[in-house]
Amino acid sequence: MKKSGRNILLALIVSVLLMLAFSPAVFSHCEIPCGIYDDAMRLEMMAEHITTIEKSMKQIQELSEDTSKNYNQLVRWVLNKEQHADSLSDIVTQYFMKQRIKPVDSSEGQAYQGYVQKLTTLHKLMVYSMNCKQTADLNNVAKLKQYLEQFKALYLDTGNSASGPGHEAGHK
């Protein structure tokens, strides 16, 4: 192989490796009809993200009050808080809103009301997750905890609702 051919091949390999190294990791559940769901695990992951956001905020507040600020550590806690807020939002959208909460026609009365309540609660989780990224206000964490518990109650107590666990329309 000529030297220029080897250089091109080397450049191509390096380019692919750099793209893989710097592309954002995707931890979302797949969007193919695999039928593999673990709702309880996702709800637990959401609770864990909220706990981590809360701890990050407390550390940010503590480090901000310290007169001999450790800016490196402060930045790490801010980034950690934001990463977990994003992960929480990803579960809300990629797992629940895209895959698990199925649309219900408005003519279906009570099932439709349950659908609207679930979506509204998920939307509130996303908004407070965003607020957690923007501030270190622990009131936002309290709201996240409140709406997660509300969503769990709505989602796990679905009765005959067509938009909760076990309803796999199109996901076999």
For this session: Within the stretch 85-114, which residues have the backbone N less than 12 Å from the label spot 7 Å out from T120 along Cα→beta-carbon, could you tell me?
Result: 113-114
For this session: Jot down the per residue volume, in cubic angstrom and as a whole number, of the convex hull over the alpha-carbon atoms of the stretch 113-155.
Result: 45 Å³
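How long are the semi-axes of the ellipsoid equivalent to the stretch 36-156, from square roots of 5 times the Cα gyration tensor eigenvalues, in whole Å, largest first?
Working: eigenvalues 216, 33, 21 Å².
Semi-axes (√(5λ), whole Å): 33, 13, 10.
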Problem set entry | Out-of-range pairs (alpha-carbon distance over 19 Å; input K58/K118; K81/K145; K98/K145; K58/K124; K58/K81; K58/K152) | K58/K118; K98/K145; K58/K124; K58/K152
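Coordinate-derived values only; no laboratory data. Just so we're clear, the structure is a prediction, and the values are computed from it rather than from any experiment. In this analysis, Cβ positions are derived from the backbone assuming ideal geometry, glycine residues included, and neighbour counts consider all displayed protein chains.
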